[in-house]
Amino acid sequence: MPSARPDLASKSSRVVAYAFDAVMVGLAYVFVEYAGENVSARFDNPAIYALLFFAYQLAFLQWNDGTSFGKSLRSICVISYAGTKITSNQAVVRAALLTVPFALFSAQAPLAAVFSFYRDAQFLAILLGFLWLLLELFLVESGAVPRSLTDRLARSLVVNIPPPQPHRAPAVPMYSATDAEFGPQPKGKPPEHEDGAA
């Protein structure tokens, strides 16, 4: 169902932007893991990815007017529900909520320890992470103003960035009696040159 608000970003644009941002953070995670191997440190914990994703989202929300690499690819950005720039508190809440699925994915070992009586407890974290993502997608399509759970809790909107408007110059030269810097106003047509004339 199309949104009654054409300024709001489409679900497909939001999904593509989110996936692109997840890949960008994945590349940063590989770099951090490789750098850790060079200094004999261990950074292959999945929780590192969740921390990187949180930092990535927070940085772009706070210092790039709500436009991450993925969002700029789809020409969308995050603003406050009031229509203003997103505040620092909203940026922290939104970044944390966007990180929830990755935090759940990395919580397999702690959940397995807590629910040791349940043989497949580690898969509970994966299930909860996917349910969170499905709830986000479902809510983007529902309501008078389609907003994900993250949008609702952070009081934000994801909107389309309007295309830049070109500056249009006048079609003909404009002269007036006071345009002294342009010299005298032209009178009549310029003389036509005959063929072969120098």
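Could you list which residues have their amide H under 5 Å from that of Asn64, counting only those 5 or more apart in sequence or on another chain, with H placed in the peptide plane?
Distant-sequence amide H within range of Asn64: zero hits.
Run the simple label-point estimate for Val15 and Arg119 please: 7 Å along Cα→C-beta, distance reported in nm.
3.5
Within the set of other residues whose C-beta is less than 14 Å from the C-beta of Ser68, count the net charge using Lys and Arg as +1 and Asp and Glu as -1.
Once all neighbours under 14 Å are counted, the net charge is +2.
How big is the convex hull of the Cα atoms of segment 11-160, per residue, in Å³?
In segment 11-160, the Cα hull volume divided by residue count equals 123 Å³.
Nearest 20 debye, what's the magnitude of the dipole of segment 11-160 about its Cα centre given +1 on Lys and Arg Cβ and -1 on Asp and Glu Cβ?
460
Tell me the label-point distance for the pair Asp65, Phe130, using the 7 Å Cα-to-Cβ offset, in nm and rounded to one decimal.
Once both label points are built, they end up 3.9 nm from each other.
Please give the FRET efficiency for Phe31 paired with Glu141, using the beta carbon to beta carbon distance and R0 = 30 Å, rounded to the nearest 0.05.
For R0 = 30 Å, the calculated efficiency reads 0.25.
Throughout, read-outs are computed from the coordinates displayed, never taken from laboratory work. Here the structure is a predicted model, which is why all the values come from computation and not from measurement. We place every Cβ from the backbone using ideal geometry, glycine too, and count neighbours over all the protein chains shown.
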